[in-house]
Amino acid sequence: ALWQHVTQRMLGQETEPVAKPVPGDRRFKDEAWEEEIYFDAVKQYYLLTARWIKNTMSDVNGIDESTQKKVDFYTRNFVQSMAPSNFAATNPAVIKEAVETQGQSLLKGFDHFLKDLEEGKGKLRVSMTDVKAFELGKNVASTPGKVVYQNGLIQLLQYEPTTEKVAKNPLLIVPPWINKFYVLDLQPKNSLIKWAVDQGHTVFVISWINPDEKLAHKDFSCYMQEGPLNAIDVVQEITGADQVNIAGYCIGGTLTSCTLAYLAAIGEADKVKSATLFTTLTDFTDCGELRVFIDEEQMEILDAHMERKGYLEGAQMSQVFNLLRANDLVWSFFVNNYLLGKEPFPFDLLYWNSDPTRMPAMMHKFYLRKMYLENKLIEPNGIELNGVPIDLGKIETPMYMISTHDDHIAPWKSTYSLTQHVSGPVKFVLGGSGHIAGIINPENSGKYGYWTNTNKPADPDKWLAGAKQNEGSW
């Protein structure tokens, strides 16, 4: 059928394509992919072959579900890597750029390639943004504030008020420690921290240390004790408030949930007035494609690696997350930087993404094994912290949960599970887009929208079916 299509086009006849890219596939946005017969044929041949490979590999008899997910994941990544857009000879935009610049684009691209190899110390780490375009405290992480407390794991930042009066209860934010805290304070126009300050909140945020081998012994209990528990006490001491509001993001939200359960277990739940969870997993039954990287065999390899080093490199985690969306987070930059010879575009979010932190061996082993592998957090008393068994069902703190529809790190249907376990009132909201863009979505962006539903059925699909879609930011 494809050859018939090509022949008809060569004869000047109009004919429908045999295979079309899915809507939004930016690999084939150049007009030549449709207008030039050669590139149209290459594109369709690739699409047909890619679909055949994926369909064939998704229906392999005699393998278990876990192995099938690995097969699907690596098959998809292989197929994406072989796209004609990733090769100079079969990408019309690359050929055009090379001709117009008399080959200078390819020389520049090779120079970018060598610099990235050097930056990665022999491993190719594709640059995603122009890091020279940003300076911490100047055009990122620029909301005025100061460090008011420090211990072995955190610095606690307090932000200057911008309103005459402030709310009675201060807000403590617990960000993830896989990257830096300033994902919530990128630029004034999209800073969640600045927005909260401007609403009259007294805002504190935890900034986690970037640990080395000296902190290999720090475990999950240490992160809870020296993180939110110490921070709550300091915030109360500074402000004189009896209660704080707390907000946790991603793994910071998982730690926040653990902290709430721990406070409930020791009879100090009244320290926290309300909790907000951003894209937070507590039930790891279905944790998306990250499961591909977490099983007993791979855990043994990872454990041995962390035993030797004392930590897991942040760059390794970044590579894993990038592979989950390789077309957007790997190959688009590969083409732009190396084949087209263009400079990466300055983008605050990608600057933050290129600034990862390490994870101590003991903490990360506990987190991956007890939560991802064994899914013990969702079990009553399945996990002990500071020697105390914790139960999420004992949490009575009013809770607001915001997850995102296209999240590939914390799938929203899995995050929704917590609504069925806690004892206090819960409001669940579903935002558009993904793990970061769906949260860092200011009011004036006009993007994505969000869904609301006051009912909380056990089935997340039923929740969405009965939800109201709203415009704007959550």
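Within the set 70/121; 180/394; 218/376; 70/309; 165/271, which residue pairs have Cα atoms separated by over 24 Å? Where the Cα-Cα span goes over 24 Å, the pairs concerned are 70/121; 180/394; 70/309.
Note on the chain: with neighbouring protein chains present and a 1.4 Å probe, carbon and sulfur make up 53 percent of its accessible heavy-atom surface. Can you work out ³J(HN,Hα) from phi for every residue in region 428-437, in order, using Karplus 6.51 cos²θ - 1.76 cosθ + 1.60 and θ = phi - 60°, giving whole Hz and x for Gly and Pro? Using θ = phi - 60°, the values come out as 10, 10, 10, x, x, 6, x, 4, 9, 4 Hz. Averaging the sequence gap over all C-alpha pairs within less than 8 Å and six or more residues apart, then dividing by the number of residues, gives region 65-209 a relative contact order of 19 percent.
Think of a 1.4 Å ball rolled over the protein heavy atoms: region 32-71 then has 66 Å² of accessible area per residue. Seen from residue 409, the other residues with C-beta closer than 14 Å to its C-beta sum to a net charge of -2, counting Lys and Arg as +1 and Asp and Glu as -1.
Spatial offset of region 219-280 relative to region 301-343 amounts to 32 Å, using the alpha carbon center of each.
How much of the DSSP beta bridge set in the chain is antiparallel, as a percent to the nearest 5?
Restricted to the chain, the bridges split so that about 50 percent are antiparallel.
Scan the chain and report its longest stretch carrying no GluC sites (Glu not before Pro) that are both in a DSSP loop and have at most 13 other Cβ atoms within 10 Å. Longest site-free region, per DSSP loop and neighbour criteria: 269-373. Taking a ≥ b ≥ c as the square roots of the Cα gyration tensor eigenvalues, with a/c under 1.5 meaning rounded and otherwise prolate when a/b beats b/c, else oblate, which class fits region 2-142? Taking the square roots of the gyration eigenvalues as a ≥ b ≥ c, region 2-142 is oblate. Between residue 8 and residue 445, the contour length at 0.36 nm per residue exceeds the alpha carbon distance by 152.7 nm. Close amide-amide hydrogen proximity is noted between residue 383 and 390, each under 5 Å apart and 5 or more residues distant or on a separate chain (H modeled in the peptide plane; Pro and chain starts excluded).
With respect to the cross-link table entries 138/342; 146/456; 413/447, which display a Cα-Cα separation exceeding 29 Å? 146/456, as the Cα separations exceed 29 Å there. So what's the angle, to the nearest 10 degrees on a 0 to 90 scale, between helix 314-324 and the longest Cα principal axis of the chain? Roughly 50 degrees between the two axes.
Between the beta carbons of residue 313 and residue 465, assuming R0 = 56 Å, the FRET efficiency works out to 0.85 to the nearest 0.05.
Once the 1.4 Å probe is applied to the protein heavy atoms, region 329-433 comes out at 37 Å² accessible per residue. Going through (i) 0.97; (ii) 1.00; (iii) 1.14, the figure that equals Rg/Rh (Cα atoms, Kirkwood Rh) as computed for the structure here is (ii). Across region 118-132, rounded Karplus estimates of 3J(HN,Hα) from the backbone phi angles (6.51 cos²θ - 1.76 cosθ + 1.60, θ = phi - 60°) give 5, 4, x, 6, x, 9, 6, 10, 5, 5, 9, 7, 7, 5, 6 Hz, Gly and Pro being marked x. The phi-based Karplus calculation (6.51 cos²θ - 1.76 cosθ + 1.60; θ = phi - 60°) puts the 3J(HN,Hα) values of region 204-215 at 10, 9, 7, 10, 7, 5, 8, x, 10, 5, 5, 9 Hz, whole numbers, x for Gly and Pro.
Close amide H contacts of residue 397 (hydrogens built in the peptide plane, cut-off under 5 Å, sequence separation of 5 or more or a different chain): 424. Remark on residue 247: its backbone amide H falls under 5 Å from those of 172, 173, 174, 276, a criterion applied only to residues 5 or more positions apart or on other chains, H modelled at 1.01 Å from N. Counting only residues at least eight positions apart within a chain, or on another chain, the aspartates and glutamates with an alpha carbon under 20 Å from that of residue 43 are 14, 16, 25, 30, 31, 34, 35, 97, 328.
Working from label points 7 Å from Cα in the Cα-to-Cβ sense, the residue 458 to residue 89 distance is 5.9 nm. In this Cβ point-charge picture (+1 for Lys and Arg, -1 for Asp and Glu), the chain has a dipole of about 320 debye about its Cα centre.
The values are calculated or read from the model by the stated rules, or taken from the named source; none is laboratory data. Bear in mind the structure is a predicted one, so any value in this text is a computation, not a measurement. Glycine also receives a Cβ, built like all others from the backbone with ideal geometry; neighbour counts cover every protein chain displayed. Remember, those area values only see protein heavy atoms, side chains included, never the ligands or the DNA or RNA. Shrake-Rupley method; radii C 1.70, N 1.55, O 1.52, S 1.80 Å.
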